[in-house]
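All remarks here apply to the structure that follows.
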Amino acid sequence: MWRQHRQLWLNSPALLVRGIAQVGQDTVSLVADQVTPLDLKSLAAASRDFR
């Protein structure tokens, strides 16, 4: 999965990752089964003045 989508993931500003967390000897790893790039521009809200 990493080799197939490497450039997309490295160039994305944010990623949504779904998978299983594996806890070992003082380490935590995430085994991803789905990775989706997020478009942060679509999440931007208009500036507000609360005064």
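Structure values in brief
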{"item": "The chain: relative contact order as a whole-number percent, Cα under 8 Å and 6+ apart", "result": "33 percent"}
{"item": "Formal net charge of residues neighbouring residue 12 (Cβ-Cβ distance under 13 Å; K, R +1; D, E -1)", "result": "+1"}
{"item": "Read-out volume of the Cα convex hull per residue in Å³, derived from the coordinates shown; its label in [x] 80; [y] 139; [z] 102", "result": "[y]"}
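Every number in this text was worked out from the coordinates using simple rules, so none of it is lab data. Remember, predicted model here, so these are calculated numbers, not experimental data. Cβ: placed from backbone, ideal geometry, glycine included. Neighbour counts: every protein chain shown.
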